[in-house]
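The values are calculated or read from the model by the stated rules, or taken from the named source; none is laboratory data. Please read all numbers here as calculations on a predicted model, not as lab measurements. Backbone-built Cβ (ideal geometry, glycine too); neighbour counts: all protein chains shown.
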Amino acid sequence: MPELPEVEIVRSGLNRLIIGLEVENIWSDWPKNFPNSEGDVNNFLINSKINAVGRRGKSLIIDLNTNYSLITHLKMTGQLVFEGKEHFGAGHPSSSLLGPLPDKSTRVVISFKDGAKLFFNDQRKFGWMKLVPTSEVKNNEFIKGLGPEVLSDDFGSQNFIRHMRSRPNSQIKAVLLDQKVIAGVGNIYSDESLWMAKIHPASIVKDISEKKLDNLFNSLVEVMRESIKKGGSTDRNFVDFEGKKGSYLNFAKVFRREGQACPRCGREIKKIRVAGRGTHICEYCQRISVK
DNA sequence: CACTTGACCTGTCCGC
DNA sequence: TGCGGACAGGTCAAGT
């Protein structure tokens with residue numbers, strides 16, 4: 001599921017809802033999802049208070065007042081859903097995919113002293129939570145390898161182009177998806193932004209003009225900002241911090257629209273494979289770049 | 001170095 | 001209705 005916009009939606013929602021809550025208890029059924037849940041958790045998570053909820057690329061970082069932080073990655077099917085006191089017995093909104101929680105995909109439950117709960121659901125069990133000292137978050141083996149934040153104010157087209165150019169012989173889609181180059185882009189927003197910028201995903205970076213890469217940066221920022229406004233993309237599993245689906249895919253131009261008409265030229269959208277991923281393009285609008 | 005494949009898991013969909 | 005295969009928003013390891 002979650003790419004940068006979806007994770008950002010969860011982050012901002014949790015940041016409103018769980019700051020200051022005090023952890024009473026924690027439950028986990030699947031050690032791979034929470035590998036150190038047997039060790040430091042009792043000392044550093046139980047009785048701690050939530051200080052802040054941050055994000056780095058597609059990772060969420062929940063800071064505690066014990067100088068520990070909980071790094072969470074939702075991978076393909078992870079969900080982080082909060083149920084406050086007011087939710088009890090009320091179920092989820094009609095725009096939800098969820099029934100009562102916990103359900104059979106629930107891997108971790110964090111209970112707070114006021115009765116609220118935070119559920120980490122993950123059908124495919126690829127996601128994880130890890131408790132690390134806050135001072136070591138930046139040096140975490142996963143976090144430290146990430147490239148810059150695409151949507152940060154001090155990033156920008158020139159930096160974007162420079163980072164893309166660092167992989168001159170690769171296909172542009174593979175570079176967009178490489179979290180070490182820039183952080184946060186996944187399959188949906190790479191397809192959408194490449195369509196908008198009229199670039200074929202298999203184009204080799206060194207063959208793509210400055211102008212097109214500039215367009216790509218602006219397209220990427222636009223599609224991700226728009227998605228955040230629309231509640232993110234729910235392909236199958238994504239729900240936000242209160243269980244609601246996102247509506248962005250109703251507005252997507254090519255993603256999962258093979259067989260439909262390209263909104264720009266009317267020709268049929270095709271599905272191909274690029275960088276090992278299902279890839280949606282208009283072959284007419286998006287030609288392979290040739291230098 | 002860059003690309004491909006397979007692995008990690010479960011669920012769903014499609015064709016026979 | 002059942003069964004097998006392909007595929008799914010992400011990342012990592014290993015092979016060519």
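Residue selection: A:Asp235 satisfies the criterion of being acidic (Asp, Glu), within 30 Å of A:Leu98 (Cβ to Cβ) and within 16 Å of DNA strand B (Cβ to nearest atom).
Condition check for A:Glu141 on (1) surrounded by 17 or more Cβ atoms within 10 Å (Cβ to Cβ); (2) in a loop (DSSP other than H, G, I, E, B); (3) within 16 Å of DNA strand C (Cβ to nearest atom): one failure, at (1).
To keep it simple, each residue is scored yes or no on (1) under 14 Å from the mean Cα position of the chain (by Cα); (2) acidic (Asp, Glu); (3) farther than 26 Å from A:Gly78 by Cβ.
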residue	(1), (2), (3)
A:Val181	no, no, no
A:Ser190	yes, no, no
A:Asn237	yes, no, no
A:Gly243	no, no, no
A:Val254	no, no, no
A:Cys262	no, no, yes
A:Lys271	no, no, no
A:Glu283	no, yes, yes
A:Lys291	no, no, yes
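Considering A:Asn187, A:Asn159, the condition of being within 14 Å of DNA strand B (Cβ to nearest atom) and of a type in the set (S, T, N, Q) is satisfied by A:Asn187 alone. Of all the numbered requirements in (1) outside any helix (DSSP H, G or I); (2) under 24 Å from A:Phe255 (Cβ atoms), A:Ser152 misses one, and that requirement is (2).
Only one of the numbered conditions (1) closer than 30 Å to A:Asp63 by Cβ; (2) of a type outside the set (Phe, Trp, Tyr); (3) more than 16 Å from DNA strand C (Cβ to nearest atom); (4) modelled with pLDDT of 95 or more is violated by A:Arg124, and that is (3). Close Cβ contacts (under 8 Å, 6 or more residues apart or on different chains) running from residues in region A:239-262 that are among the basic types (Lys, Arg) to residues that are within 16 Å of DNA strand B (Cβ to nearest atom) comprise A:Lys244/A:Ser96; A:Lys245/A:Ser96; A:Lys245/A:Leu97; A:Lys245/A:Thr234; A:Lys245/A:Phe238; A:Lys245/A:Val239; A:Arg256/A:Asp235; A:Arg256/A:Leu249. Picking from residues in region A:207-246 that are crowded, with 21+ Cβ neighbours inside 10 Å, β-branched (Val, Ile, Thr) and more than 13 Å from DNA strand C (Cβ to nearest atom), the one that is farthest from A:Val150 (Cα to Cα) is A:Ile208.
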